[in-house]
Amino acid sequence: MFYFIVILGVAALVALYKFLPNRKIFMFICATLIIVFCISAVIQMRYSESEVISRAEIEDIRQQQKIFGDWYAAYQKDIDHLDRNWQLYHSIIKSLKTAEIYELSTYEQLLELEADALDEQAKINKLKVPEGLDEKYTVIISEIIKKTQTYVDAQTKTISTVRMAADPVHFTTLKNLNAIIKNVTIRESPAGLFTATEIAAIREMLVVPGEEALQ
C-alpha cells in the first residue's frame with residue numbers, strides 16, 4: 001500500500017507539472033505530497049516495528065505456555081494421588097463405623113495408606129516453581145504450591161493420627177476408636193484445596209491474542 005501511494009504521488013507530480021499553469025500551486029501541491037509521504041513513511045515504520053514486537057511476544061507466550069503446561073501436568077498427577085489417598089481414608093473410616101469387630105487388616109490398610117501419604121507429602125513439599133517462567137506467573141504458582149503444601153500436611157497428619165489411634169496396642173473398643181476418629185477428622189482434616197482461581201488466572205494470562213485459553 002505504501003509503495004502504491006509513492007508511485008501514485010510521483011505520477012501525479014509529473015502530470016501536474018505538465019498541465020498546471022501556475023508554478024506556485026504546483027509547489028504547494030508538492031509540499032503537501034511530501035508531508036503526506038513523510039507521515040505515511042513514519043506510520044509504515046511504526047507498523048513494521050509493532051508487527052515484529054508482536055511476533056516476539058507471541059513466541060514468548062508460547063514458550064511460557066509449554067513451561068507451565070509441563071509443570072501443571074506433573075502437578076495434576078500429584079493432586080490425583082492426594083485425592084485417591086483421601087478417598088481411601090474415608091472408605092476405611094466408613095468401614096470402621098459399620099464394623100462389628102476390629103480387624104487387624106483395617107490397621108494394615110491404614111499403615112499402607114500412611115506410608116503412601118508420607119511419600120506424597122515429601123514429594124509435594126519439594127515442589128518448586130518451574131524455571132524460565134516470568135515473575136508474573138511465578139508469583140501465582142508460588143501461591144498454588146503454598147496452598148498444596150498446607151493441604152497435604154493437614155491430610156497426612158489426619159491419616160497418621162488415626163493410624164496411631166487404630167494401633168492394636170492402644171485399641172480399646174470400636175466405639176471409642178470411632179469417637180477418636182470423628183474428633184481427629186473434625187480437628188485435623190484439611191478444609192480443601194482451592195486453586196481454581198489461580199489456575200484460571202494463569203491460563204488467561206497465557207492466552208495468545210485470537211486463541212482460546214489453555215485447558
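The values are calculated or read from the model by the stated rules, or taken from the named source; none is laboratory data. Quick caveat: nothing in here was measured; it's all calculated off a predicted structure. Cβ coordinates were reconstructed from backbone atoms using ideal geometry, including for glycine residues, and neighbour counts include every protein chain displayed. These accessible areas exclude ligands, DNA and RNA; they are computed on the full protein's heavy atoms, side chains included. Shrake-Rupley method; radii C 1.70, N 1.55, O 1.52, S 1.80 Å.
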Whichever residue in region 180-208 is more than 30 Å from Ala165 (Cα to Cα) and of a type in the set (Val, Ile, Thr) and, among such residues, is most open to solvent (accessible area, probe 1.4 Å): Thr197
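With the structure loaded, tell me whether Asn178 is within 23 Å of Leu96 (Cα to Cα) and in contact (Cβ under 8 Å) with a residue 12 or more places away in the chain or whether it fails that test.
Numbers: within 23 Å of Leu96 (Cα to Cα): yes; in contact (Cβ under 8 Å) with a residue 12 or more places away in the chain: yes.
Against the criterion (within 23 Å of Leu96 (Cα to Cα) and in contact (Cβ under 8 Å) with a residue 12 or more places away in the chain), Asn178 qualifies.
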Pair list, Cβ under 7 Å, 6 or more apart: region 96-107 residue over 11 Å from Asp167 (Cα atoms) and in contact (Cβ under 8 Å) with a residue 24 or more places away in the chain, other residue open to solvent by less than 60 Å² (accessible area, probe 1.4 Å) and not in a loop (DSSP other than H, G, I, E, B): Leu96/Thr106; Leu96/Leu174; Leu96/Leu177; Leu96/Asn178; Leu96/Ile181; Lys97/Asn178; Ala99/Leu174
Test: residue in region 116-134 that is in contact (Cβ under 8 Å) with a residue 60 or more places away in the chain, open to solvent by 50 Å² or more (accessible area, probe 1.4 Å) and more than 20 Å from Gln76 (Cβ to Cβ): yes
Odd one out for Ser105, checked against (1) open to solvent by 70 Å² or more (accessible area, probe 1.4 Å); (2) at pLDDT below 95; (3) among the polar types (S, T, N, Q): (1)
Out of Phe37, Phe26, Phe68, sole residue that is at pLDDT below 60 and either within 30 Å of the chain's Cα centre (by Cα) or farther than 30 Å from Pro209 by Cα (or both): Phe26
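Among the residues in region 173-187, are any more than 21 Å from Leu88 (Cβ to Cβ) and among the small types (Gly, Ala, Ser)?
Going residue by residue through region 173-187, those that are more than 21 Å from Leu88 (Cβ to Cβ) are 173, 175-176, 179.
Okay, now just the ones that are also among the small types (Gly, Ala, Ser), so 179.
Yes, some residue in region 173-187 is more than 21 Å from Leu88 (Cβ to Cβ) and among the small types (Gly, Ala, Ser).
When you look at Thr158, is it surrounded by fewer than 17 Cβ atoms within 10 Å (Cβ to Cβ) and either of a type in the set (A, V, I, L, M) or part of a helix (DSSP H, G or I) (or both), yes or no? Talk me through it step by step, then tell me what you get.
Working: surrounded by fewer than 17 Cβ atoms within 10 Å (Cβ to Cβ): no; either of a type in the set (A, V, I, L, M) or part of a helix (DSSP H, G or I) (or both): yes.
When the stated conditions are applied, Thr158 does not pass them.
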